[in-house]
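Accompanying notes for the structure given below.
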Amino acid sequence: MIDIQSFKKEVYAIVGAIPRGKVVTYGQIAWLAGYPNHSRLVGHILKNTRPELHFPCHRVVNSQGRTVPHWQEQRELLETEGVIFRGNGCVDMHLCQWDFGDSPIH
């Protein structure tokens, strides 16, 4: 059984560590948090994050590099940070995916 509060803290720690100009997938966050089959729970947690926290949820995309539907500001925020989008509207994951191998969370 998953301890939701501990998982939520871990998700916040991971997302808070994503550098400007980089993105991570929901699945990668779930894997880093120790629950690789809980990517949807990551999405639920981030969706319910209070905006006043100014948390960098915009740096999380799906495995194809798609942004959240109906959240146009996400793309704008990412582009401001230098994230590159391909012609199909997805983030160029080869160029912009965070290599968290050297991060303090790994």
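Only the coordinates and a few stated rules stand behind these numbers; no lab work does. Just so it is clear, the model here is predicted, and its values are computed rather than measured. Cβ atoms come from the backbone with ideal geometry, glycine included; neighbour counts cover every protein chain shown.
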**Report entry** Part-to-part distance (alpha-carbon centres) for segment 62-84 and segment 1-55, which is given in Å
**Finding:** 16
Query raised in the report: Short version: ³J(HN,Hα) in whole Hz for each residue of segment 27-34, in order, from phi by Karplus 6.51 cos²θ - 1.76 cosθ + 1.60 (θ = phi - 60°), x for Gly and Pro, what are they?
Result: x, 5, 5, 4, 5, 4, 7, x
Query raised in the report: Can you list the HN-Hα couplings for segment 46-62, worked out from phi with the Karplus curve (6.51, -1.76, 1.60; θ = phi - 60°), rounded to whole Hz and with x for Gly and Pro?
Result: 5, 4, 9, 6, 5, x, 5, 6, 6, 7, x, 4, 5, 8, 10, 10, 7
Requested in this report: Would you look at the GNM of the chain, springs on alpha carbons closer than 10 Å, and say which of His94, His70, His44 moves the most?
Outcome: His70
Report summary line: Rg from C-alpha atoms of the chain, normalised by the globular rule of thumb 2.2 N^0.38 Å, equals 1.01
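Residue separation times 0.36 nm, minus the C-alpha to C-alpha distance between Asn37 and Asn62: what's the value?
On the way: separation 25, 0.36 × 25 = 9.00 nm, distance 1.40 nm.
Stretched out fully, the Asn37 to Asn62 stretch lengthens by 7.6 nm.
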Requested in this report: Would you look at the GNM of the chain, springs on alpha carbons closer than 10 Å, and say which of Thr80, Thr25, Thr67 moves the most?
Outcome: Thr80
Requested in this report: Hey, can you grab everything whose amide H is under 5 Å from the amide H of Phe85? Only 5+ residues off in sequence or another chain; H modelled, so Pro and N-termini drop out.
Outcome: Asp92
Report summary line: Which residues qualify? For Ala33, with a placed amide H closer than 5 Å and at least 5 residues away or on another chain, they are none
Query raised in the report: Under 20 Å from a point 7 Å along the Cα-to-Cβ line of Thr80: which residues of segment 9-27 have their amide N that close?
Result: 15-24
**Report entry** Paramagnetic reach from Met93 (point 7 Å along Cα→Cβ, amide N under 13 Å) across segment 1-35
**Finding:** 23-29
